[in-house]
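Each reported figure results from applying straightforward, stated rules to the coordinates on display, with no laboratory input. Nothing here was measured: the structure is a model prediction, and the numbers come from that model.
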């Protein structure tokens, strides 16, 4: 994506990350799947504010949209994992239906 910030980069931004992640999720391609997976794995258990939590959901949406069955399974595991923050579990679960 060149000069466009990556999902891992936007975690540093703080406020407004939710909107930035939602926008990036809309334009992401399969080339960004590895970064999306990393972001999801890193922050689904540690998102400490609503904006970062929404960024995790946006990453999950893009993973499901762009990836294959193994990616949908990754998000499903996140929805079921007791370490995932409870605030996003219903949204993650809904993505896997």
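Observations, loosely collected:
- The stretch between residue 70 and residue 48 holds 5.2 nm of extra length on full extension. This uses 0.36 nm per residue minus the Cα-Cα distance.
- Global geometry of region 7-95, whether rounded, prolate or oblate, following the gyration tensor of its Cα atoms and the 1.5 cut on a/c: oblate
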